[in-house]
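J.: Questions regarding the structure given below will be posed in turn.
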Amino acid sequence: MNGISRAEYCVVACAEAWRGAGEILASPMGLIPSVGARLARRTFAPDLLLTDGEALLVDADGTVEGWLPYRQHLALAAGGRRHVMMGASQLDRHGNQNIACIGDWARPKRQLLGVRGAPVNTLNHPTSYWIPKHSRRVFVERVDVVCGVGYDHADGARFHRLARVVTDLGVLDFATPDRSMRLASLHPGVTAEQVREATGFALEIPEEVPYTREPTAAELELIREVLDPGDTRSREVAG
């Protein structure tokens, strides 16, 4: 299939995070993850629960389907029945995430969002990450502050699972013996060496790395004509 943009590969890669998830709450943070979640709901994950970001359950078109009181939202989040896709200012090889600050906690060089709900998210339900610009600034040897909890700090938490990390270069996961990050797929036009050079730690790279799957013709039509007709996805990932 010709003419597929890098952003459209990213949408499909994000959507795949919710494949086979069943009736859980999808909480995508960011433009491309949001399009991905809605694509999953419309195609291979029809039981996904989507919200308007506040207290209403909505379908992939934004039509209200029900009410989600805050106490029920917390019950889903604490009981493993939510899958959030967050961003990260820093990520390390074991999936520890930093969104709090850059530099020493006591005297940071830069203040960011703060720890917020990242520890609860990562310890209590599946989590994925979306990184629109894969770089050594994000993928670091050690995060300055642990907000989202990685595999080396999870200590057997019942619902802790880091599913995937989607970037503008490819998809990464933690399917290694020590649960460190590995390159799972490359977006077409990207090489493993490019990913290696853009990563600030020794990334596990298999001998053969597949390409990220193409969107089907039906998925591409949904992305372009229904879910994001204004092509806002290309503002986040060009090319």
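The values are calculated or read from the model by the stated rules, or taken from the named source; none is laboratory data. Just so it is clear, the model here is predicted, and its values are computed rather than measured. FYI the Cβ positions are ideal-geometry reconstructions off the backbone, even for glycines, and counts take in every protein chain you see. Quick note on the areas: whole protein, heavy atoms, side chains included, nothing else; ligands and nucleic acids left out. Shrake-Rupley method; radii C 1.70, N 1.55, O 1.52, S 1.80 Å.
J.: Please pick out the residue among 186, 169 that is in contact with a His (Cβ under 7 Å, 6 or more places away or on another chain) and among the aliphatic types (A, V, I, L, M). Break it down into steps so the answer makes sense when it comes.
T.: Working: 186 fails: in contact with a His (Cβ under 7 Å, 6 or more places away or on another chain).
Of 186, 169, the one residue that is in contact with a His (Cβ under 7 Å, 6 or more places away or on another chain) and among the aliphatic types (A, V, I, L, M) is 169.
J.: Go through the stretch 73-87 and give me each residue that's assigned to a strand (DSSP E or B) and open to solvent by less than 20 Å² (accessible area, probe 1.4 Å). First the steps, then the outcome.
T.: Going through the stretch 73-87, the residues assigned to a strand (DSSP E or B) turn out to be 82-86.
Result: 83, 84, 85, 86.
J.: Further, regarding this structure: Within the stretch 198-239, track down each residue that is under 23 Å from residue 136 (Cβ atoms) and in contact (Cβ under 8 Å) with a residue 60 or more places away in the chain. Please lay out each step first, then the result.
T.: First, pick out the residues of the stretch 198-239 that are under 23 Å from residue 136 (Cβ atoms): 198-206, 209, 212, 236-239.
Within the stretch 198-239, 198, 199, 200, 201, 202, 203, 212, 236, 237, 238, 239 meet the criteria.
J.: Additional query: Looking only at the stretch 58-72, count every residue that is open to solvent by 40 Å² or more (accessible area, probe 1.4 Å) and under 22 Å from residue 35 (Cβ atoms) and tell me the total. Don't jump to the end; show me each part of the working.
T.: So the first thing to find is which residues in the stretch 58-72 are open to solvent by 40 Å² or more (accessible area, probe 1.4 Å), and the list is 61-65, 67, 70-72.
Now narrow it down to the ones that are under 22 Å from residue 35 (Cβ atoms): 61-65.
Looking only at that region, the number is 5.
J.: Something else: For the stretch 163-181, which positions are of a type in the set (A, V, I, L, M, F, W, C) and open to solvent by 10 Å² or more (accessible area, probe 1.4 Å)? Spell out the reasoning first.
T.: Just the residues of the stretch 163-181 that are of a type in the set (A, V, I, L, M, F, W, C), to begin with: 163, 165-166, 169, 171-172, 174-175, 181.
Result: 163, 169, 175.
J.: Sticking with this structure for a sec: Taking only pairs six or more apart or across chains, which ones have beta-carbon atoms under 7 Å, a first residue in the stretch 175-190 that is more than 12 Å from residue 93 (Cα to Cα), and a second residue that is polar (S, T, N, Q) and open to solvent by less than 60 Å² (accessible area, probe 1.4 Å)?
T.: Here the result reads 185/212; 186/212; 187/212, each pair linking the stretch 175-190 to a residue that is polar (S, T, N, Q) and open to solvent by less than 60 Å² (accessible area, probe 1.4 Å).
J.: Across the stretch 115-161, what is the number of residues that are without any contact (Cβ under 8 Å) to a residue 60 or more places away in the chain, among the hydrophobic types (A, V, I, L, M, F, W, C) and outside any loop (DSSP other than H, G, I, E, B)?
T.: So the count comes out to 4.
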